[in-house]
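Scroll down for the structure; my scribbles are underneath it.
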Amino acid sequence: MPVLPTVNIQNGQITNGSLTPGQPFLWANPTNSQVTLRSCGNFCQYDSYVVPANSTLEATMLAVPNTQAYAFVDPAWNTPGMPHIVVSPWPSEKEKEVA
C-alpha cells in the first residue's frame, strides 16, 4: 500500500508528499479528542469528517477542487484547502479570551 500524504488537523502541516486533485490523503488527529471537520465539500469527497482521537482517516481530494476564497462558508478559514475544525463543546462567552 502506498504512503499517503497526511494533513495534521492540529497545525495544518502536510507530510509524506503533497495533496493532489483526485487522489486520497489522510487526515491525522494527534489529539486525545475526536475532531469533526466540516465544510470540506469544496475540496474533498465528503463535506464532513469525524477523525478519531490519536488516529487517521482517509479522505479524497476532488478531481477539481474549488480553491476560491468565497467557496468557504467561514470567513476565518478562507485559505484554499484548509479544513474547518469545530470545537465541541464550543466555549461559552465567559470562557472565550477577551482581547
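Quick notes
- For peptides 15-23, 34-42, 54-62, sequence by mean Cβ density within 10 Å, most packed first: 34-42, 54-62, 15-23
- Descending semi-axes in Å of the stretch 9-64, equivalent ellipsoid built from Cα gyration tensor: 19, 13, 8
- Maximal additional length on extending the residue 8-residue 45 stretch stands at 11.5 nm, based on 0.36 nm per residue less the C-alpha distance.
Every number here is computed from the coordinates shown, using simple stated rules; none is lab data. Since we're looking at a predicted model, the values are computed, not measured. Every residue, glycine among them, receives a Cβ derived from its backbone with ideal geometry; neighbour counts consider all protein chains shown.
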